[in-house]
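All remarks here apply to the structure that follows.
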Amino acid sequence: MIEVSCLLRLEGVTKSFRANPNPVEALRGVTLEIKAAEMVALMGPSGSGKSTALSLAGLMLRPTGGTVFLSGEAAPDDERGRARLRNSFVGTVHQSYAVIGDISGIANVEIPLEYASPRLPRGRRRELAREALGKVGLGEDIYSRRASSMSGGQQQRVAIARALVVDPRLILADEPTAALDGKLIGIIMGLLRDACKAGAGALIATHDERVASCCDRSLTLVDGAIV
Ligand code: ADP
Ligand code: MG
């Protein structure tokens, strides 16, 4: 029985990818837990499996072996159940931002709100999206700019606003400050800390000691295993 305050547990998770000439063992039996109100850094060299671990936790990939638990329950097998959890429980910041380039910053942030239950009126969605963009330090003048015309750092902040706008229980952020300078790193880490104080849990992949030092503890992956 897993405590319900445990938002995420990976238990003996392995993941191999088909590749030529040999399969890649991206994760080799990873066990980790994130509790409510806890902010945890996931460190390790490039290629050590950080993004794979976050994608498995966010139900974007399925493990080759082991189990992913969200809120104490094994992740569902069916795609509908997985999609429901992705929309309602998890907020994900992708390493490559994954913003939609041909729509505005504000329209990107409204996307997860369109799946909210109960349904939010259009005006409220816009208001929440504006608030979220303000919190990541973006000026009003760029809210309605096409995301593809934004700098990397601006796109990264749109991605962070989009992940946080739904107040997710579990935040999975993949190098969320890689394109940001020191002052913005402070702002973003402050936002993540506020979310955790309000009861969320966060797992943050990072190379940056400044980011890790803002977290409650750090885990390190080397060659697909926690060391
Ligand atoms: P990190 O985020 O720590 O840089 P990744 O999780 O992206 O590491 O990658 C871990 C290992 O898995 C790497 O060797 C990478 O090349 C491999 N890998 C990741 N995704 C795939 C994929 N879709 N197909 C094949 N190999 C992959
Ligand atoms: Mg990565």
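The values are calculated or read from the model by the stated rules, or taken from the named source; none is laboratory data. Everything numeric here is computed off the predicted structure, so don't read it as measured data. Here Cβ is always computed from backbone atoms with ideal geometry, including for glycine, and neighbour counts include all displayed protein chains.
Per the conditions (1) under 26 Å from Arg125 (Cα atoms); (2) more than 16 Å from ligand 1 (Cβ to nearest atom), the sole criterion not satisfied by Pro176 is (2).
If you scan the range 27-78, which residues turn out to be aliphatic (A, V, I, L, M) and farther than 14 Å from Glu11 by Cβ? Even if it seems obvious, please write down each step before you answer.
As a first pass, look at the range 27-78 and keep what is aliphatic (A, V, I, L, M): 27, 30, 32, 34, 36-37, 39-43, 53-54, 56-57, 59-61, 68, 70, 74-75.
Listed by number, the residues that qualify are Ala36, Ala37, Met39, Val40, Ala41, Leu42, Met43, Leu54, Leu59, Met60, Leu61.
From the list Ala205, Ala161, the one residue that fits, being small (Gly, Ala, Ser), within 16 Å of ligand 2 (Cβ to nearest atom) and under 17 Å from the mean Cα position of the chain (by Cα), is Ala205. With respect to Ser48, determine if the residue is within 12 Å of ligand 1 (Cβ to nearest atom), assigned to a loop (DSSP other than H, G, I, E, B) and either under 23 Å from Ser218 (Cβ atoms) or among the charged types (D, E, K, R) (or both). For Ser48, the condition - within 12 Å of ligand 1 (Cβ to nearest atom), assigned to a loop (DSSP other than H, G, I, E, B) and either under 23 Å from Ser218 (Cβ atoms) or among the charged types (D, E, K, R) (or both) - is met.
Here is a yes/no grid of residues against (1) farther than 17 Å from Ala132 by Cα; (2) crowded, with 20+ Cβ neighbours inside 10 Å; (3) of a type in the set (A, V, I, L, M, F, W, C); (4) within 13 Å of the chain's Cα centre (by Cα):
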{"residue": "Leu184", "(1), (2), (3), (4)": "no, no, yes, no"}
{"residue": "Asp194", "(1), (2), (3), (4)": "no, no, no, no"}
{"residue": "Ala200", "(1), (2), (3), (4)": "no, yes, yes, yes"}
{"residue": "Ala212", "(1), (2), (3), (4)": "yes, no, yes, no"}
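When Arg82 is tested against (1) in contact with a Leu (Cβ under 6 Å, 6 or more places away or on another chain); (2) farther than 26 Å from Val158 by Cβ, just one condition goes unmet, and that condition is (2).
Within the range 1-41, which residues are acidic (Asp, Glu), in a loop (DSSP other than H, G, I, E, B) and modelled with pLDDT of 95 or more?
Taking the range 1-41 and keeping what is acidic (Asp, Glu), we get 3, 11, 25, 33, 38.
Checking which are in a loop (DSSP other than H, G, I, E, B) leaves us with 3, 38.
Residue satisfying the conditions is Glu38 alone.
Pairing residues of the range 112-134 that are acidic (Asp, Glu) with residues that are part of a helix (DSSP H, G or I) and buried (at least 20 other Cβ atoms within 10 Å of the Cβ), at Cβ distances under 6 Å and at least 6 apart in sequence or on separate chains, gives no pairs at all.
Scanning the range 75-105 for residues that are away from ligand 2 (no atom under 16 Å from the Cβ), closer than 24 Å to Ala202 by Cβ and either aromatic (Phe, Trp, Tyr) or part of a helix (DSSP H, G or I) (or both) returns Gly81, Arg82, Ala83, Arg84, Leu85, Arg86, Asn87, Ser88, Phe89, Gly105. Provide a single number: the residues in the range 153-201 that are farther than 20 Å from Ser5 by Cα and free of Cβ contacts under 8 Å to residues at least 40 places away in the same chain. Qualifying residue count, the range 153-201: 12.
Of all residues in the range 41-74, those satisfying the criterion of being within 13 Å of ligand 2 (Cβ to nearest atom) and on the phi > 0 side of the Ramachandran plot are Gly44, Gly47, Gly49. Within the range 92-111, residues that are more than 22 Å from Met43 (Cα to Cα) have Cβ atoms under 9 Å from residues that are within 16 Å of ligand 2 (Cβ to nearest atom) in these pairs: Val99/Gln156; Val99/Ala159; Asn108/Ala159, counting only partners at least 6 apart in sequence or on another chain. In the range 6-26, the condition of being within 16 Å of the chain's Cα centre (by Cα) and surrounded by fewer than 15 Cβ atoms within 10 Å (Cβ to Cβ) is met by no residue. Reported count of residues in the range 88-130, each being under 24 Å from Cys196 (Cα atoms) and of a type in the set (Gly, Ala, Ser), is 7.
Within the range 128-146, identify whether any single residue is at pLDDT 95 or above, within 16 Å of ligand 1 (Cβ to nearest atom), buried (at least 17 other Cβ atoms within 10 Å of the Cβ) and among the aliphatic types (A, V, I, L, M), and answer yes or no. So far as the range 128-146 goes, no, none of its residues is at pLDDT 95 or above, within 16 Å of ligand 1 (Cβ to nearest atom), buried (at least 17 other Cβ atoms within 10 Å of the Cβ) and among the aliphatic types (A, V, I, L, M).
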